[in-house]
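A.B. asks: Take this structure, written in structure tokens, and hold onto it; I'll ask about it next.
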Amino acid sequence: MEQITTDICIIGAGPVGLFAVFEAGLLKMRCHLIDVLPQVGGQLSEIYPHKPIYDIPGYPDITAQQLIDNLMLQIAPFNPTFSLGERVETLNRREDGSYDIKTDDGTSVHCQVVVIAGGLGCFEPRKPEIDRLADFEGKGVAYMVKNPEHFRGKKVVLAGGGDSALDWAVFLSNVAERVTLVHRGDTFRGAPDSAGKVFDLAKEGKIDLILKSNVVALTGDDSLQEITLLDRNNQVSHIEADHLIPLFGLSPKLGPIAEWGLNIDRSAIAVNTVDYSTNIERIYAIGDINTYPGKLKLILCGFHEAALMAQSAFKYVFPEQKLSFKYTTVYGVSAF
Amino acid sequence: MINLTIIDRDGGRMPVEIPEGINLSLMEVLKASEYEILATCGGMALCATCHVQVIEGPEQYFTPTDAELDVLDTLPYVEPSSRLACQIRITEDMDGMVFKLMGGD
Ligand SMILES: Cc1cc2nc3c(=O)[nH]c(=O)nc-3n(C[C@H](O)[C@H](O)[C@H](O)COP(=O)(O)OP(=O)(O)OC[C@H]3O[C@@H](n4cnc5c(N)ncnc54)[C@H](O)[C@@H]3O)c2cc1C
Ligand code: FES
């Protein structure tokens with residue numbers, strides 16, 4: 001269990017959460033970011049990494065992933081810390097007004113200010129209907145590969161037909177004792193490269209490829225032991241497995257944030273546009289997750305909100321100090 | 001008017017009336033009619049959160065395009081007549097069609 005202390009805890013490492021590190025950093029406030037995804041970048045990296053964006057000031061066009069890479073370079077001097085692949089679950093207020101944030105992995109962050117930059121919500125895996133699937137979550141069933149080493153020497157079954165299923169099947173074939181890929185269809189429409197590799201590895205006997213089939217049920221005592229498959233002709237078969245990784249994409253859900261007593265208006269957090277503060281002191285909401293009259297869900301708008309948030313959050317982090325406005329051209333970006 | 005019937009995830013059937021000549025996709029119409037579809041990617045055939053199934057209508061509507069198949073392939077459940085609502089332009093020959101909302105996740 002990790003215990004972290006920081007000035008600002010940012011929930012969501014999308015473009016807006018990342019840029020908030022810069023705006024906070026200029027005012028000497030340290031940030032820790034938490035995201036449920038294993039990588040930074042929010043929607044940009046998860047949904048449209050290779051698409052060009054045309055409305056970022058100063059960039060006639062830039063791909064989504066390039067923008068995220070640039071943001072990471074821009075904030076590097078401020079040494080932000082990250083907990084990735086972890087979902088924020090609870091928020092508790094201490095008597096002095098500061099907060100403790102806890103994740104599903106047991107990480108605990110003590111901070112003076114909470115910034116919710118949660119976008120459309122927590123990216124949650126789409127779960128197929130498999131009998132007893134929930135019983136084995138954390139006991140053999142995982143929806144993402146956080147650490148491939150976890151699967152070393154194990155019998156792993158992957159289900160899905162997209163790029164991530166193909167890529168992980170190829171990768172894990174060198175790590176796991178046995179990799180089986182189960183796909184509903186009989187072809188793969190993902191990147192031709194990855195599909196080709198999977199078929200090659202299947203020919204060499206390094207991957208078991210089971211097409212036109214679905215995983216329908218799981219069995220085991222304390223942990224997963226066996227998977228039941230059903231093919232298109234309604235034939236049932238069983239395979240031994242230590243792990244099942246269903247990979248059917250992600251879809252955002254507001255998640256635990258909905259239960260924190262914030263003013264929520266149609267899945268978004270209502271904020272005061274003076275500083276993007278919420279109805280709860282020391283909690284701000286910026287980017288796609290907030291709403292106010294005239295709100296536009298644009299990266300540009302989220303960046304602006306991050307700047308105003310930082311100016312306002314300063315008083316909680318440095319109650320004794322007076323904030324003076326400075327240009328980066330005059331003072332530079334003094335790291336810490 | 002173009003009259004469609006939408007079967008929501010609870011099985012309820014609701015008529016939707018659309019004026020002729022509007023240049024919208026089925027996803028945009030469903031959103032405007034306050035159906036619960038996320039349409040996270042705004043119609044780029046990337047997110048699959050506008051997944052519908054064609055129940056009744058002209059034959060050509062039953063087959064997804066290649067761009068749709070790429071995305072549908074990543075979902076846990078699809079039907080042969082699964083479509084992405086954002087890839088269906090509203091046209092007059094759609095009068096009388098029936099669609100079912102899928103997914104919900
Ligand atoms: C296809 C597409 C094209 C777009 N094109 C443009 C464009 O051209 N120009 C433009 O300005 N905008 C565009 N947008 C919108 C833009 O992507 C969003 O405005 C932007 O991503 C918002 O950034 P954000 O940081 O607020 O949220 P997000 O990018 O959504 O990031 C939020 C992060 O928070 C995480 N999170 C949420 N809750 C939790 C929790 N409880 N625990 C842990 N993590 C959590 C999520 O997993 C996510 O990674 C487009 C969006 C899409 C989908
Ligand atoms: S709106 Fe994203 S695929 Fe249709």
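A short reminder: the numbers here are calculations on the coordinates, not readings from a lab. Here the structure is a predicted model, which means the values were calculated and not measured. For neighbour counting, all protein chains shown are included, and Cβ atoms are generated from backbone atoms with ideal geometry for every residue, glycine included.
A.B. asks: Within straight cross-link reach of A:K28, meaning Cα distance under 22 Å, which lysines are found once same-chain residues fewer than 8 apart are removed?
C.D. replies: Correct list for A:K28: A:K315, A:K322, A:K326.
A.B. asks: First measure r as the distance between the Cβ atoms of A:E320 and A:H150, then evaluate 1/(1 + (r/R0)^6) with R0 = 35 Å and state the FRET efficiency to the nearest 0.05. Kindly include the intermediate steps, with their values, before the conclusion.
C.D. replies: Values: r = 47 Å, r/R0 = 1.33.
About 0.15, to the nearest 0.05.
A.B. asks: Give me the lysines in straight-line cross-link reach of A:K295: C-alpha distance below 24 Å, same-chain residues under 8 apart excluded.
C.D. replies: A:K51, A:K253, B:K31
A.B. asks: Region A:183-263: which GluC sites (Glu not before Pro) are DSSP loop and have at most 15 other beta-carbon atoms within 10 angstrom? Present the calculation step by step, with values, prior to reporting the outcome.
C.D. replies: Numbers: sites: A:E204, A:E226, A:E240, A:E259; in loops: A:E204.
When the GluC sites (Glu not before Pro) of region A:183-263 are filtered for loop state and at most 15 Cβ neighbours within 10 Å, A:E204 remain.
A.B. asks: Also, I was wondering about something else. Please check chain B for the longest run free of GluC sites (Glu not before Pro) that are loop-located per DSSP (anything but H, G, I, E, B) and have at most 16 other Cβ atoms within 10 Å.
C.D. replies: Longest gap between qualifying sites, sites excluded: B:37-105.
A.B. asks: Turning to a different aspect of this structure: Using a cut-off of 16 Å between alpha-carbon atoms, which aspartates and glutamates can reach A:K146, once sequence neighbours fewer than 8 places away in the same chain are excluded?
C.D. replies: Leaving aside aspartates and glutamates fewer than 8 places away in the same chain, those within reach of A:K146 are A:D35, A:E46, A:E86, A:D104, A:D105, A:E124, A:E137, A:D167.
A.B. asks: Using 0.36 nm per residue of separation minus the Cα-Cα distance, give me the extension gain between A:T5 and A:F171 in nm, one decimal.
C.D. replies: 56.2 nm
A.B. asks: What is the mean number of Cβ atoms from other protein chains located within 10 Å of the Cβ atom of each residue in peptide B:63-71, rounded to a whole number?
C.D. replies: Values: counts 0, 0, 0, 1, 1, 0, 3, 4, 3.
That average works out to 1.
A.B. asks: Find the centroid of the Cα atoms in region A:253-311 and in region A:93-147, then give the distance between the two in whole Å.
C.D. replies: 20
A.B. asks: Moving on to the next point. Could you pull out every whole DSSP H run in chain A that spans at least 18 Å of Cα extent along its own axis and averages 0.5 or higher on the Kyte-Doolittle scale? Walk me through the numbers on the way to the answer.
C.D. replies: Working: long enough: A:299-317 (26 Å, 0.89).
Membrane-span-like by this criterion, though nothing is claimed about a membrane: A:299-317.
A.B. asks: Next question. Output the lone cysteines of chain A: those with no second cysteine's C-beta under 4.7 Å from their C-beta.
C.D. replies: Lacking a cysteine Cβ partner under 4.7 Å: A:C31, A:C122, A:C301.
A.B. asks: Normalising by the residue count of region B:2-101, find the relative contact order in percent from Cα pairs under 8 Å and 6+ residues apart.
C.D. replies: 42
A.B. asks: At what distance in nm do the modelled label points of A:Y54 and A:L296 sit from each other, each positioned 7 Å from its Cα along Cα→Cβ?
C.D. replies: In this crude label model, A:Y54 to A:L296 measures out at 1.4 nm.
A.B. asks: Could I ask something else about it? Say R0 is 25 Å: what FRET efficiency, to the nearest 0.05, do B:Q60 and A:L211 get from their beta-carbon distance?
C.D. replies: Calculated value: 0.35.
A.B. asks: Peptide B:44-50: average number of partner chain Cβ atoms within 10 Å per residue? Kindly include the intermediate steps, with their values, before the conclusion.
C.D. replies: Working: counts 3, 0, 6, 9, 5, 5, 0.
Rounded to a whole number, the mean comes out at 4.
A.B. asks: Within 10 Å of each candidate Cβ there may be at most 11 other Cβ atoms; applying that plus a DSSP loop requirement, which chymotrypsin sites (Phe, Trp or Tyr not before Pro) in region A:53-143 survive? Don't skip to the end; give the middle numbers.
C.D. replies: Details: sites: A:Y54, A:F78, A:F82, A:Y99, A:F123, A:F136, A:Y143; in loops: A:Y54, A:Y143.
Taking region A:53-143 and a limit of 11 other Cβ atoms within 10 Å, the loop chymotrypsin sites (Phe, Trp or Tyr not before Pro) found are A:Y54.
A.B. asks: Does anything in region B:31-60 have its amide N under 13 Å from the 7 Å Cα→Cβ label point of B:D8, and if so which residues?
C.D. replies: Flagged as within label range: B:31, B:33-37.
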